[in-house]
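Please read the structure below before turning to the comments.
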Amino acid sequence: MQSSSSESGADFEQLKKRWTALVKHFKDDPRVARLLNTRLGRYLSSHSFVALTALMFCAMAAVPVGLFVTFAVVTMMISAVGFVFCEAFLLFVGGLALLWVLSGIALFAIVASAVVNVLHVTTFSLLNRYYPHLTKKGVSEGEKTECETSTEKDSKAN
């Protein structure tokens, strides 16, 4: 049991080092630094839930918007041949379809980022509680964990 805990701790540390190196690489990029120094960049840096929601929405909205633009160009080419009324109707229907798809994607992005954030908070809370030596803060020498202090209280009560 102890060896699997140390293996998972080593894996966690290795994953943390790779993640830290990747984040440092992105932050060192001058274009990213220039973006993070803007008002919007500072806001998104301090509000990770909003940033994750916006990122997921933009990534998932690219395909429907691209398809709609392609659809619009094709219908304009058809209208050049003489189908003006058909184009207006098709663009209206396509615009309504795009509105519904983007609304659904926005709702999904909000729900998915909420789930990811809940999992993130839960995972790190559990790690801090049961494996404090894996976190940066850890338990200092001489300090007692919450588990140790609660067992002392129980033994004093008996």
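Summary table
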read-out: Qualifying residue in region 100-107 (condition: farther than 28 Å from K17 by Cα, within 14 Å of the chain's Cα centre (by Cα) and not assigned by TED's automatic domain parsing to the domain that holds K17); value: yes
read-out: Any chance V101 is within 30 Å of Y131 (Cα to Cα) and either of a type in the set (D, E) or in contact with a helix residue (DSSP H, G or I) (Cβ under 7 Å, 6 or more places away or on another chain) (or both); value: no
read-out: Some residue of region 68-89 being hydroxyl-bearing (S, T, Y) and modelled with pLDDT of 90 or more; value: yes
read-out: Residue among T53, T70, T20 that alone is among the polar types (S, T, N, Q), farther than 30 Å from L102 by Cβ and assigned to a helix (DSSP H, G or I); value: T20
read-out: Index of the failed condition, S150 passing every other in (1) at pLDDT below 75; (2) part of a helix (DSSP H, G or I); (3) within 26 Å of S48 (Cα to Cα); value: (3)
read-out: Residue match in region 82-91 (condition: of a type in the set (A, V, I, L, M, F, W, C) and outside any helix (DSSP H, G or I)); value: yes
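The values are calculated or read from the model by the stated rules, or taken from the named source; none is laboratory data. Owing to the predicted nature of the structure, the values given are computational and were not obtained by experimental measurement. Don't worry about glycine lacking a Cβ; one is built from the backbone with ideal geometry, like all the others, and counts go over all protein chains shown.
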